[in-house]
Amino acid sequence: MSFNSFGRVFRFTTWGESHGPALGAVVDGCPPGLSLSESDIQPFLDRRRPGQSRFTTQRQEPDQVRILSGVFEGRTTGTPIALHIDNVDQRSKDYSEVAKAYRPGHADYAYDQKYGFRDYRGGGRSSARETAARVAAGAVARLVIPEVTITAWVEAIGGDAIDYAKFDAAEIGNNPFFCPDPEAAQRWEGLVDAARKDGSSLGAVVACEATGVPAGWGAPLYAKLDSELAAACMSINAVKGFEIGDGFAAAGLRGEENADAMRPGADGGVDFLANHAGGIAGGIATGQPVRMRVAFKPTSSILIPVETVTREGEASEIRTKGRHDPCVGIRGVPVVEAMVALVLADQKLLHRAQVG
């Protein structure tokens, strides 16, 4: 069995490899009648697109999306929406050494153990190139949840974090790091440049907030909103950690410190005095902002030699040539947003199906 699909009612399947002719997604379960064109999708792909600064891979991919099905006269028909993105700048010769030996930190060895062979060109299916298809599908998902605003940003690179006292959402789009703290963005230029020049890489933490999520989305136990978000974000390449609300920090609090106290609000509603839970209780949205953090490991493709083994099990050493992100978490920002949008669209339709 092959797992290339995600979602229950709003469901998407991605296809394609890093160095294949194209990649894309099929979105199924999208409600009919929504206005959709390539121009609704392209801006999100442009944010993820490689080669836009010296702080990302220099692979030049326009990532132009084409809608092949599921849209008629500018509106979704309720049938599967096929999204197609050409690959135009592959350099498979850069991976000749990877064909002989495994790259530590990559999926090379694991794929070989599972399938008995692998596409070594850029990592094939395990490449972060696949996330372009997720971003395209996420743009469609946003049309299903117009009441929700999703914003992600880089919170830390290489252990150097932003100062939330200097948080300015308007700055996120003003620098190549999706950074809301302009002073941190300046520091990160030197950090990422140094890692790149050393032939190494850095990890990052991406924070994300979804506002406007109505109370009630989600489900107990096996379709919890937070577990679905965790599964979605943990499926992103290079992600090694996920937190909702205070996350691991909650384990260091007392009960009264962690409680999100409530008071009567206007029109019979509730006012929360804190949001340690990240907007989710019992797997169901509370109406507060849904907040999460996602940890990206350093890019595993580095020029510094690392011990490894060949396919024959012999000791070897490898340095990965090619064009790679010195910090993959930077371009992870639009991918995290896309996965959150896909989960929320699915949960909205699940909620509607059960309670109307």
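The values are calculated or read from the model by the stated rules, or taken from the named source; none is laboratory data. Keep in mind that this is a model prediction, so the values were computed, not measured. Cβ sites come from the backbone with ideal geometry, for glycine too, and all protein chains shown count toward neighbours. Note: accessible area is taken over every heavy atom of the protein model, side chains too, but ligands, DNA and RNA are not part of it. Shrake-Rupley method; radii C 1.70, N 1.55, O 1.52, S 1.80 Å.
Of the strands (runs of 3 or more DSSP E) that lie entirely inside the stretch 237-302, those containing 1 or more residues that are free of Cβ contacts under 8 Å to residues at least 24 places away in the same chain and more than 22 Å from Gly332 (Cβ to Cβ) span 262-264, 270-272. Say we look at the stretch 183-200 and pick out the residues that are surrounded by 16 or more Cβ atoms within 10 Å (Cβ to Cβ) and among the hydrophobic types (A, V, I, L, M, F, W, C); which of these is farthest from Phe167 (Cα to Cα)? Residue satisfying both the conditions and the ranking: Ala195.
All conditions but one from (1) of a type in the set (D, E, K, R); (2) part of a loop (DSSP other than H, G, I, E, B); (3) modelled with pLDDT of 95 or more apply to Arg121; the one that does not is (3).
Of all residues in the stretch 1-12, those that are more than 18 Å from Leu350 (Cβ to Cβ) and either aromatic (Phe, Trp, Tyr) or buried (at least 17 other Cβ atoms within 10 Å of the Cβ) (or both) total 1.
Suppose we filter Arg121, Arg129 for residues that are touching a residue at least 12 places away in the same chain (Cβ under 8 Å), open to solvent by 50 Å² or more (accessible area, probe 1.4 Å) and either basic (Lys, Arg) or under 28 Å from Pro80 (Cα atoms) (or both); which single one remains? Break it down into steps so the answer makes sense when it comes.
Working: Arg129 fails: open to solvent by 50 Å² or more (accessible area, probe 1.4 Å).
Selected residue: Arg121, the only one of Arg121, Arg129 that is touching a residue at least 12 places away in the same chain (Cβ under 8 Å), open to solvent by 50 Å² or more (accessible area, probe 1.4 Å) and either basic (Lys, Arg) or under 28 Å from Pro80 (Cα atoms) (or both).
Pick from the stretch 201-249 the residues that are among the charged types (D, E, K, R) and under 29 Å from Asp163 (Cα atoms): which of them is surrounded by the most Cβ atoms within 10 Å (Cβ to Cβ)? Checking each candidate, the answer is Asp226.
A single entry from Pro31, Pro21 fulfils the requirement of being open to solvent by 10 Å² or more (accessible area, probe 1.4 Å) and at pLDDT 95 or above: Pro31.
Residues being within 16 Å of His106 (Cβ to Cβ) and among the aliphatic types (A, V, I, L, M): count how many of those fall in the stretch 231-247. Can you show your working first?
First, the residues of the stretch 231-247 that are within 16 Å of His106 (Cβ to Cβ): 236-240.
Right, trim to among the aliphatic types (A, V, I, L, M) and you get 236, 238-239.
Of the residues in that region, 3 qualify.
Within the stretch 145-181, the set of residues being more than 17 Å from the chain's Cα centre (by Cα), of a type outside the set (D, E, K, R) and open to solvent by less than 10 Å² (accessible area, probe 1.4 Å) comprises Ile145, Pro180.
For Ile85, the test of being within 25 Å of the chain's Cα centre (by Cα), under 29 Å from Phe3 (Cβ atoms) and β-branched (Val, Ile, Thr) is passed. The numbered conditions (1) in contact with a strand residue (DSSP E or B) (Cβ under 8 Å, 6 or more places away or on another chain); (2) part of a helix (DSSP H, G or I) are all true for Ala152 except (2).
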